[in-house]
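Q: The structure is given below, and queries will be raised subsequently.
FYI, it's all coordinate maths here, none of it is from the lab. What you are looking at is a predicted structure, and each value in this text was computed from that prediction instead of being measured. Quick reminder, even Gly has a Cβ in these numbers, built from the backbone with ideal geometry, and neighbours come from all protein chains shown.
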Amino acid sequence: MRHVICLFSWTLAALSPGVFQTIAAAESGAPLALTGATIFDGTGEPLTEGIILVRGERIAAIGPHEQVSLPDDAEIIDVSGHWIIP
């Protein structure tokens with residue numbers, strides 16, 4: 001779980017309340033969804049309005065919001081206007 005928090009903590013550092021939401025969601029065991037970000041995954045063009053879905057210590061899905069379905073119990077954090085970089 002620490003790896004997931006470390007991965008996103010740097011990206012969300014400018015959003016102090018968002019960092020605390022991320023930590024609380026990770027500790028609760030609920031899936032975590034970071035929505036609205038521009039995602040750079042190193043494979044080509046950046047993904048705008050993307051979603052990263054995390055379950056436990058693993059990234060379960062990355063994709064455009066039209067293709068990633070969110071579970072009902074997911075903790076959703078809107079990170080619109082921010083970049084997520086590995």
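Q: Over the Cα atoms of the range 33-86, what Rg and Dmax result, in angstrom?
A: 10.5, 32
Q: Given the peptides 58-66, 34-42, 76-84, arrange them by the average over their residues of other C-beta atoms within 10 Å, most packed first.
A: Details: 58-66: 12.9, 34-42: 17.3, 76-84: 15.6.
Ranking the peptides 58-66, 34-42, 76-84 by packing returns 34-42, 76-84, 58-66.
Q: While we're on this one: Sequence-distant or interchain residues sharing an amide H contact under 5 Å with A30, placed H: which?
A: Amide H neighbours of A30: none.
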